[in-house]
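Structure first, then comments.
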Amino acid sequence: MSLAAQEEARAWAAAAQVPDPEVPCVTVADLGILRWVRVENGVCRVGVTPTYSGCPATLAIELAIETAILGAGVQGVQIERVLSPAWTTDWITDEGRAKLRDYGIAPPQGQSGKALALFGETSVTCPRCGSDDTEKLSEFGSTACKAHYRCRACAEPFDYFKCI
């Protein structure tokens, strides 16, 4: 393995462990926003796609990725914000979806095979008890990318990571 390939692997491994500052149960790799790592001419270039263009955590995520890579001993880090194609919740890994559920946040359900209504989800499964008997309380939860729901079966409130 070449020196550049070793550095790329080390940089990817370090960056992939960076948690999302707004949803710390998942990493940037779990969310699919860590796009690529390339070492070219002694510079480690990293592609990052924000979950949406106005995400307030974008700069914090980029700085955390740079810090993690520098901490792994890779120098000359450049973070590139990649806006096209736009991020979609389809990029969240299966492991990321499981981590969200275990944390008490219902993961986006569009990719899991459930049908989506024209302007929203037909149902959101409770991450605590698994019931589909839930109701939306607010379009926005603790962050703009989440909605607030309540389960009618177990009466617990929870956030839902909205499909984008």
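Kindly indicate whether any position in the stretch 1-21 is within 18 Å of residue 95 (Cα to Cα), touching a residue at least 60 places away in the same chain (Cβ under 8 Å) and out of contact with any Cys (no Cβ under 7 Å at 6 or more places or on another chain).
Looking for residues that are within 18 Å of residue 95 (Cα to Cα), touching a residue at least 60 places away in the same chain (Cβ under 8 Å) and out of contact with any Cys (no Cβ under 7 Å at 6 or more places or on another chain), one finds at least one in the stretch 1-21, hence yes.
Would you mind telling me which numbered condition in (1) touching a helix residue (DSSP H, G or I) at 6+ places or on another chain (Cβ under 8 Å); (2) modelled with pLDDT under 95; (3) closer than 24 Å to residue 86 by Cα residue 20 fails?
Evaluating residue 20 over (1) touching a helix residue (DSSP H, G or I) at 6+ places or on another chain (Cβ under 8 Å); (2) modelled with pLDDT under 95; (3) closer than 24 Å to residue 86 by Cα leaves (2) as the failure.
Among the candidates 113, 73, 141, 130, single out the residue that is at positive phi, at pLDDT below 90 and part of a loop (DSSP other than H, G, I, E, B).
113
Taking the condition surrounded by fewer than 19 Cβ atoms within 10 Å (Cβ to Cβ) and modelled with pLDDT under 95, does residue 56 pass?
Yes: the conditions hold for residue 56.
Taking the stretch 25-47 as the search range and keeping residues that are modelled with pLDDT under 95 and part of a loop (DSSP other than H, G, I, E, B), which one is surrounded by the most Cβ atoms within 10 Å (Cβ to Cβ)?
42
Condition (residue is within 15 Å of residue 13 (Cβ to Cβ) and not in a helix (DSSP H, G or I)) applied to the stretch 53-70: is it met by at least one residue?
no
The values are calculated or read from the model by the stated rules, or taken from the named source; none is laboratory data. As the structure is a computational prediction, the values presented were derived from the model and not from experiment. Positions of Cβ are generated from backbone atoms using ideal geometry, with glycine treated the same way; all protein chains shown enter the neighbour counts.
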